[in-house]
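Peer 1: Handing you this structure, nothing more for now.
The values are calculated or read from the model by the stated rules, or taken from the named source; none is laboratory data. Here the structure is a predicted model, which means the values were calculated and not measured. Here the Cβ positions follow ideal geometry from the backbone for every residue, glycine too, while neighbour counts run over all protein chains shown. Note: areas computed on protein heavy atoms with side chains; ligands, DNA, RNA excluded. Shrake-Rupley method; radii C 1.70, N 1.55, O 1.52, S 1.80 Å.
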Amino acid sequence: KKELEIAYLLMAYVFKTLLPGNEDFEEFQYKNNSIEIIEATRSRKIHSNCIMYSTVCCELFWAFGLKARQIICFPPTLNSDLGCHCMVHAYINSLNKWLLFDPSHCAMFRTRNGAFLNLSELRHLIVNEEPYVVFGAKLFNKKVDAQLKEFLPKYMVNFYSPKHNYFNCTSGESYEVNMLLPKCIMPLISDSNCNSLIHYTSNERDFYEF
């Protein structure tokens, strides 16, 4: 199968295997991996939030030889009650570009002409209030298209990408992340927020090459 088709099928597997919800995240945060999340879903019917969906999806992409990374999207203020939304960026060699996958909604994003979008391209369309298409989600839930388009703009401001997957990177000494912030927010980052494990930048190229 083509690389993009494999990636989509893996995302669809994650979507159909995990159960949506946020109540079990605290139990799994910092200590578990994809295998344990899947096994606990089957044995105890645990519920997974978008970070857990993205962890499983990202590790499956790795297992099939795809380059992938989790990207957690935040609203304008980092300490906000609006929460966040986590998705996966995967590199598709045949297209020579990174594409955005939302495993908790089984969705990808395209232009009206059918070209698949990466995070930067999707953000550009949202900021400029230009149309885009949610691909795939309608196969599972017709309401998802409208839901995504309603809440995604809230989170397309600050971006956080762990060097490893979310659970491994937040356990022990491997907590290393890159954060992409708007230039206007950079001056608000105090020295107390900065350490050698968190790399702040307003340069998109630096963020995506990390």
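Peer 1: Using the alpha carbon gyration tensor of segment 87-138, what are the three equivalent-ellipsoid semi-axes (square root of 5 times each eigenvalue), largest first, in whole Å?
Peer 2: For segment 87-138, the ellipsoid semi-axes come out as 16, 14, 11 Å.
Peer 1: So, one more: Given labels modelled 7 Å from the Cα in the Cβ direction, how far is it in nm from LYS163 to LYS67?
Peer 2: 1.8
Peer 1: Once the piece of chain linking ASN113 and ARG42 is laid out straight, how much longer is it, given 0.36 nm per residue of separation minus the C-alpha distance between them?
Peer 2: The ASN113-ARG42 span can extend by a further 21.6 nm.
Peer 1: Rounded to the nearest 20 Debye, what is the dipole magnitude of segment 1-114 about its Cα centre when Lys and Arg each give +1 and Asp and Glu each give -1 at the C-beta?
Peer 2: The dipole magnitude comes to about 560 debye.
Peer 1: OK, next. Figure the gain on full extension for LEU19 and ASN203 (residue separation times 0.36 nm, minus the Cα-Cα span) and round it to one decimal in nm.
Peer 2: Between LEU19 and ASN203, full extension yields an extra 62.6 nm.
Peer 1: Ignoring ligands, DNA and RNA, please state the percent of accessible area on segment 40-162 from carbon and sulfur, probe 1.4 Å.
Peer 2: Carbon plus sulfur share of accessible area: 51 percent.
Peer 1: Kirkwood hydrodynamic radius, computed over distinct alpha-carbon pairs, for segment 1-112: how many Å, to one decimal?
Peer 2: That comes to 14.5 Å for segment 1-112.
Peer 1: For LYS149 and ILE6 in the same chain, what is the full-extension length gain: residue separation times 0.36 nm, less their Cα-Cα distance, in nm?
Peer 2: Between LYS149 and ILE6, full extension yields an extra 48.9 nm.
Peer 1: Among LYS149, LYS67, what's the order by accessible area (1.4 angstrom probe), most exposed first?
Peer 2: Per-residue accessible area, sorted high to low, gives LYS67, LYS149.
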